[in-house]
Amino acid sequence: MKMETKIISKEFIKPSSPTPYHLRHLHFSFLDQLHPHIFVPFIYFYPKKSLTNSERSKLLKKSLSKVLTIFYPAAGRVRNSYIDCNDEGLLFVEAKVNCELSDVLRDRNLNNNNCFVPPRLHDLAGCSQITFFNCGGIALSLSLSHKVCDLLSFITFLNCWTAIARRDTDTDTSADMINNIPPFGSAKLFPPMDAFGVDLNVLKAKEKLVAKAFMFDNAAIADLKAQYTAINGRRLSRVEALTDFICSRFMEATQDKNKKYRVTQAVNLRTRMDPPLPMVSFGNYSIPHDSTSSVNAEFIKKLQNKDEQINFLKRTFENFSNEEVVSFRFTSPINVPLHEIDFGWGKPLWTTITPMSTKNVIILLPTKDGLGIEALVTSKEEDMAKFELDNQLLQYVSTPPLKLDAHSRL
């Protein structure tokens, strides 16, 4: 299905209250330095409601302006060593696509999703787009730079945005929310390196990448968990079992015996610190690691030391530029309420992303019922062509049911 998108308008949404001058420079922490300036746009699809397109846009922009007063770095610009919190605004695009919402939900082709995200300027901290379907349904995307925050912070931002949108937007609801968000500035906890010494461009693929979603229901995951628990000799979690299965099938399908394989998992540091940080701490508080069990309070304390930072950089990035090593990078927010994003017109029919700019990235998302897991895989085109036809993979992958209400069929 070929989709054509027409841009209706572009504007920069500024915070409803100016950012104080003393907060204008948010310096990167060491954890910020670990992440490239890339965007992972999440897209939410909603059916037609009684609100008009204009009313939906107006509500989104007004509430976004308020939430940017709280999360002011998202309205700034990315510089070499800091976020310039200059209130220039988050790019908000209105667009129209020449198809029905039901077409997208039936097709579920991640490689078409770029039409639902705005063209991004290189220094933007964030951008958003509302796209109108012929039927009256919408797609809403939000992208925040990984230099600004990690996935948990992204969800915190969304939760505040939706909370403001659901309330009476004529009433200032920002004050009570500010009290629940810790101050920004992880650089105080994780001082940045003076000379980072790693070119993060090595993470960006030179080859053509494609993305595909693979759905695993509860029964399939339980079977895999039992199998890989027996193989490993210890009880594995759902994520661990699915990670082992996806990697093993990818290696078997591509059959590149001369390569070495490496798997890293994004680890949330908030709950592992001593004392723990609140889950709503905004910024980058996650790291890629190949052994999640070794990331404890002692390890994190060492990571605040510059000598250990250098060692961590060597261990983490030395293989990324090695063509003989295939690196898989997993992110697994299966306990995050990604499907609860309600701006006042109900929960989304589908939550998804666009293809990543780095290869062999796998994001494990919870299914809408919370029982299954959807694996969003981005890889080289030729590798995906082999992987998606692997017989053992297909034995466990299920096709998600297409559930449309009357409005989304219009």
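The values are calculated or read from the model by the stated rules, or taken from the named source; none is laboratory data. Because the structure is predicted, anything quoted here is derived from the model rather than measured. Quick reminder, even Gly has a Cβ in these numbers, built from the backbone with ideal geometry, and neighbours come from all protein chains shown. Heavy atoms of the whole protein, side chains included, go into the accessibility calculation; ligands, DNA and RNA do not. Shrake-Rupley method; radii C 1.70, N 1.55, O 1.52, S 1.80 Å.
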### Task
Within the stretch 111-138, find all residues whose amide N lies under 19 Å from a label point positioned 7 Å from the Cα of K208 along Cα-to-beta-carbon.
111-115
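Work out how much length D107 to K6 would gain on full extension: take 0.36 nm times their residue separation and subtract the Cα-Cα distance, in nm to one decimal. Could the numbers behind the result be given before it?
Details: separation 101, 0.36 × 101 = 36.36 nm, distance 2.05 nm.
Here the segment from D107 to K6 would lengthen by 34.3 nm.
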#### Entry: Cα-projected label distance for H122 with T271, points at 7 Å along beta-carbon direction, nm
4.0 nm
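Under the definition of Cα pairs under 8 Å and six or more residues apart, what whole-number percent is the relative contact order of the stretch 251-377? Before the final figure, lay out the partial values.
Values: 150 pairs, mean separation 29.4, N = 127.
Relative contact order, the stretch 251-377: 23 percent.
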## Note on the structure
The relative contact order of the stretch 43-182, taking Cα pairs under 8 Å that sit 6 or more residues apart, comes to a percentage of 31 percent
### For the chain, built as a Gaussian network whose Cα springs stay under 10 Å, the top-fluctuating residue of S29, S54, S357
S54
### Message
Taking the solvent-accessible surface of protein heavy atoms with a 1.4 Å probe, what is the per residue accessible area of the chain in Å²?
### Response
45 Å²
## Note on the structure
In the chain the DSSP beta bridges are antiparallel at a rate, in percent to nearest 5, of 75 percent
## Note on the structure
E298 and S54 label points (each 7 Å along its Cα→Cβ direction) are spaced in nm at 6.5 nm
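Give me the number: length gained by fully extending D194 to S16, i.e. 0.36 nm times residue separation minus the C-alpha to C-alpha distance, one decimal in nm.
Details: separation 178, 0.36 × 178 = 64.08 nm, distance 3.47 nm.
Result: 60.6 nm gained on full extension.
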### Query
Based on the Cβ-Cβ distance from S398 to N98, what FRET efficiency comes out when R0 is 41 Å, to the nearest 0.05?
0.85
### Message
What does the C-alpha gyration tensor say about the overall shape of the stretch 203-314? Classify as rounded when a/c is under 1.5, otherwise prolate if a/b is larger than b/c, or oblate.
### Response
prolate
### Task
Run the quick spin-label model on N258 and L389: label points 7 Å from Cα toward the beta carbon, then report their separation in nm to one decimal.
2.3 nm
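Going through the DSSP H helices of the chain, which span 18 Å or more along their own axis at the Cα atoms while scoring at least -1.0 as a mean Kyte-Doolittle hydropathy?
Going by DSSP H runs, the hits are 53-70, 151-166, 218-232, 238-254.
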### Message
Between A139, A165, A222, where does the largest GNM mean-square fluctuation fall for the chain, given springs only between Cα atoms within less than 10 Å?
### Response
A222
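Of all the accessible heavy-atom surface of the chain, with the other protein chains kept in place and a 1.4 Å probe, what percent is carbon and sulfur? Spell out each step's value before the answer.
Numbers: 9310 of 18500 Å².
Heavy-atom surface of the chain belonging to carbon and sulfur, 1.4 Å probe: 50 percent.
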### Query
Could you give the distance between the Cα centres of the stretch 39-73 and the stretch 293-371, to the whole Å?
25 Å
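For the chain, just say rounded, prolate or oblate: build the C-alpha gyration tensor, square-root its eigenvalues into a ≥ b ≥ c, call rounded for a/c under 1.5, and beyond that prolate if a/b exceeds b/c, oblate if not. Let's see the in-between values first.
Values: a/c = 1.66, a/b = 1.10, b/c = 1.51.
It is oblate, given that a/c is not under 1.5 and a/b is not larger than b/c.
Let me make sure I get this right: for the stretch 1-61, a, b and c are the square roots of the gyration tensor eigenvalues over alpha carbons, sorted descending. Under 1.5 in a/c it's rounded, otherwise prolate if a/b > b/c, else oblate. Which is it?
The shape class here is oblate.
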### Task
Given the peptides 226-238, 146-158, 270-282, arrange them by the average over their residues of other C-beta atoms within 10 Å, most packed first.
146-158, 270-282, 226-238
### Task
State the extension gain, in nm to one decimal, for the chain segment bounded by R79 and L23, taking 0.36 nm per residue of separation less the distance between their alpha-carbons.
18.7 nm
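Over the chain, what is the relative contact order in percent, taking alpha-carbon pairs closer than 8 angstrom and at least six residues apart?
Here the relative contact order equals 23 percent.
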### Message
Looking at the chain as a GNM with Cα springs under 10 Å, which of K347, K225, K58 has the largest mean-square fluctuation?
### Response
K58
### Query
Among the listed pairs K306/K359; K10/K96; K2/K359; K212/K359, which are separated by more than 18 Å between their Cα atoms?
K306/K359; K2/K359
